Amino acid sequence: MRNSRAIFVLFTGLLIFFASCQDQKTYADRLKDEARAIDRFILQENIDVLEKFPADSIFRDNQYYRDAATGVYYHIVDYGDTDLKMTLGEEVYIRFEGLSYFMTADTITFSNTDPNGSPHPQTLIYRGPVNPSTSSYYETPGWIVPVPLIGHKAVVKMIVPFDMGSSYDRSQYQPTYYDRVEYRFGNQY
């Protein structure tokens, strides 16, 4: 009787252990989920993905360039003052609107331009173009991807995979969409 009870408890414990292991998603699973969510978002928003940057540097409506190295999609709305380029060690101030987490059912959009929300821009120190293997020195590395092409007061729309997003985005495995990201360079702010 004792042995059968011990075997039953052991068997039940093993079942619970293996059942809980099945609920855990691997990183590869999360990447697949993200790819499907981004594809759905692109289809839903009727976005035309460009594999090559526009030769004339002009984005047509709903055209987004996908950066092959980072997976970040962006649409440059306004190049800003391209005579004023970002230099290494300079501060870049970022304001955004229309931040949404489209992989969830959450319909709330976020902004740091609302005085009732966060009246301060995000501040980054520019350390050069983003290299996916060393991008951890930026809070949101995806924001830096278009910087070498733009100038002071540029405006960009972006789809940012979670591994190029904020620490929150990375921890929650959530890609993001930004309807407007504005860049102001430190020496001009």
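Any read-out appearing in this document is the output of simple, stated calculations on the displayed coordinates, not a laboratory observation. Computed from a prediction, not measured in an experiment: that's the story for all the values here. Methodologically, a virtual Cβ is constructed for each residue, glycine included, from the backbone with ideal geometry; neighbour enumeration extends over all protein chains shown.
Side notes on the structure shown:
- With neighbour counts taken as other beta-carbon atoms within 10 Å, the residues Glu97, Glu51 rank, fewest first, as Glu51, Glu97.
- Sequence-distant lysines (8 or more away, or on other chains) whose Cα lies within less than 23 Å of Lys85: Lys52, Lys153, Lys157
- Neighbours of Asp179 by Cβ distance under 9 Å: Lys/Arg scored +1, Asp/Glu scored -1, total +1.
- Per-pair calculated FRET efficiency, R0 = 25 Å: Ser167 and Ala68 via Cβ, rounded to 0.05: 0.55
- With neighbour counts taken as other beta-carbon atoms within 10 Å, the residues Met164, Met103 rank, fewest first, as Met103, Met164.
- Protection proxy ranking of 175-184, 76-85, by the mean of other Cβ atoms within 10 Å over each peptide's residues and highest first, is 175-184, 76-85.
- Each principal axis of the range 29-80 carries a Cα extent, and these read 37, 24, 19 Å when sorted largest first.
- Listed by Cβ neighbour count within 10 Å, with the fewest neighbours leading, His120, His152 appear as His120, His152.
- Put a dot 7 Å past the Cα of Asp29, heading toward its Cβ, do the same for Asp179, and the two dots end up 3.4 nm apart.
- If the chain linking Thr123 and Val49 were pulled fully straight, counting 0.36 nm for each residue of separation and taking away their Cα-Cα distance, it would gain 23.7 nm.
- Summing Lys and Arg as +1 and Asp and Glu as -1 over all other residues whose Cβ lies under 12 Å from the Cβ of Asp81 gives a net charge of +1.
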